[in-house]
Amino acid sequence: MPTRLAAGLEPKLLPAPGARFTPNCGSPVPGSPDSAIEGYHTRTALSRDWEQFGGKIARVAQQSKSEERGRRSELVRQSIVENARIDSSYIVMNCLATVVACYGLLLGSTAVVIGAMIIATLLGPIMGIALSIVDGNQRLLRTSVLAETFGVALVIGLAILVGRVHREIPMTTEIISRTQPNFFDLMVALGGGAAGAFATVSEKVSSAIVGVAVSTALVPPLAASGLCLARGEGMLAWGAFVLFVTNLVAIQLASSIVLWAHGYHGLLRDKWTNWRMLLRNSPSLLLTVILAVGLTVNLTSKVADQLYENKVRTALQSALGTFPGVRLADLWIEERRDKVVIMAVVRAPYSLSPDTVANLEREVPTSGGRRIELHVRSVLTKEATALEYLHEPVQPRPSAQAPDDESELTPPRLGGSDGAVEVQGRTPSRRAPEGEAASPESPGSSGDAP
């Protein structure tokens, strides 16, 4: 029978030799196998809970970021739609930009022209056209096209009015430079349009700065076109308008591509989304290709003309270098159907004779097998030092042929020391003093004068 113990006494159980004693207390003793297993399960559970918690945080953050991007997208869309409408601010700002741009062009001031573009608003409807093509929004497309057409007519009409008021002011280089577009202008417009669209959809880039650069390529060509129309220069006006069309198409195409790449397009549920976007932009792509071909031809022709002008200038400078005191001052080249007319302005102490011009004409290189016709305009100049004149006003005698009369190479000498006037082939005469009769040799006197 079991032994009863006295109160307050507890049995002391001794473990067997080599065995470890584990009291029945509900938790394993540290270091025991049960403790290791329970720690593993605890760490696994904590890790799983942490992963779930981290995943929830990541999903919340991603959802918040997506919502923020959606709000940003809606704000950008709303801004583009608002700027593509015709309102009072659109009319007033374009009128002010046109006035400042016209007077900047008439002054020939690049700084004034660029400064005028800060207030221009023609870029808004172009961005609206780009977004409407990407989105397939027909209503926005009609609104944007109407606003851009109205803006173009407003700018050209106001520029014609300013040109009528100031018709006496000659054309400046700022106007002429915008009447000859080339392939480089197309590349500039593509880059500017992409930059403007990227600044519109990006939070870190100010769209105002890029908008000024893009607007510079829009209002000045229209203002130049209106000023040329006011003077009746139809071809120059057409060239400036072609430059505007080039910039408009290039900016719209580049903006559409950037907006599409940033996800600003409708949610189409078929696999032909990219092809539909390409189909909507096909008119812009076709017009860009046509403009690129035409502007490339224009650029090639311009480069060829510049190279030919350099060759002619070099040949004339080399040929005129043999004449003392003769310098080439300016040069114009006009290409006609059957010949090339070259106008050269030279500064010389005497007028170049036709024989000299013929010799110079033979030194000029030909262009396309056409006949060369050289015109030389001599501007008489005399260079002197404190001791003497450096160049006598007598053209050097050609070595190949001798003239029949020496007077052919001797130009008249005007304003001698005694008032005499030496005329080719005649004896110098002296002007009779007041109160004396003219000498028989003086021009205009009769042969039987006393």
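Look at (1) touching a Ser or Thr at 6+ places or on another chain (Cβ under 8 Å); (2) buried (at least 20 other Cβ atoms within 10 Å of the Cβ); (3) at pLDDT 85 or above and you find that LEU154 fails only one, number (2).
Rundown of residues vs (1) in the same structural domain as VAL100 (by TED's automatic domain parsing); (2) surrounded by fewer than 18 Cβ atoms within 10 Å (Cβ to Cβ); (3) at pLDDT 90 or above; (4) over 17 Å from VAL81 (Cβ atoms), yes/no style:
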{"position": "ALA116", "(1), (2), (3), (4)": "yes, no, no, yes"}
{"position": "GLY124", "(1), (2), (3), (4)": "yes, no, no, no"}
{"position": "ASN137", "(1), (2), (3), (4)": "yes, yes, no, no"}
{"position": "ARG142", "(1), (2), (3), (4)": "yes, yes, yes, no"}
{"position": "THR149", "(1), (2), (3), (4)": "yes, yes, yes, yes"}
{"position": "VAL162", "(1), (2), (3), (4)": "yes, no, yes, yes"}
{"position": "SER177", "(1), (2), (3), (4)": "yes, yes, no, yes"}
{"position": "ASN182", "(1), (2), (3), (4)": "yes, no, no, yes"}
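For the stretch 266-275, the set of residues classified as exposed (fewer than 14 other Cβ atoms within 10 Å of the Cβ) and either assigned to a helix (DSSP H, G or I) or at pLDDT 85 or above (or both) consists of ASN274, TRP275, listed by residue number. Contact map, the stretch 344-356: residues that are of a type in the set (Lys, Arg) paired with residues that are surrounded by fewer than 22 Cβ atoms within 10 Å (Cβ to Cβ) and in a strand (DSSP E or B), Cβ distance under 7 Å, separation 6+ or inter-chain. Pairs shown: ARG347/ARG327; ARG347/ALA329; ARG347/VAL379.
In summary, LEU285 fulfils each of the numbered conditions (1) more than 28 Å from LEU75 (Cα to Cα); (2) modelled with pLDDT of 85 or more with the single exception of condition (2). When we screen ILE133, ILE119 for residues that are closer than 25 Å to THR288 by Cβ and touching a Leu at 6+ places or on another chain (Cβ under 9 Å), the only hit is ILE133.
Residues in the stretch 104-114 that are out of contact with any helix residue (DSSP H, G or I) (no Cβ under 7 Å at 6 or more places or on another chain) and surrounded by fewer than 19 Cβ atoms within 10 Å (Cβ to Cβ): 3 in all. Pairing residues of the stretch 167-188 that are over 18 Å from ALA237 (Cβ atoms) and without any contact (Cβ under 8 Å) to a residue 24 or more places away in the chain with residues that are in a helix (DSSP H, G or I) and among the β-branched types (Val, Ile, Thr), at Cβ distances under 7 Å and at least 6 apart in sequence or on separate chains, gives no pairs at all. Looking across the stretch 370-385 at every residue that is β-branched (Val, Ile, Thr) and surrounded by 12 or more Cβ atoms within 10 Å (Cβ to Cβ), the one that is modelled with the highest pLDDT is identified as VAL376.
The values are calculated or read from the model by the stated rules, or taken from the named source; none is laboratory data. Everything numeric here is computed off the predicted structure, so don't read it as measured data. We place every Cβ from the backbone using ideal geometry, glycine too, and count neighbours over all the protein chains shown.
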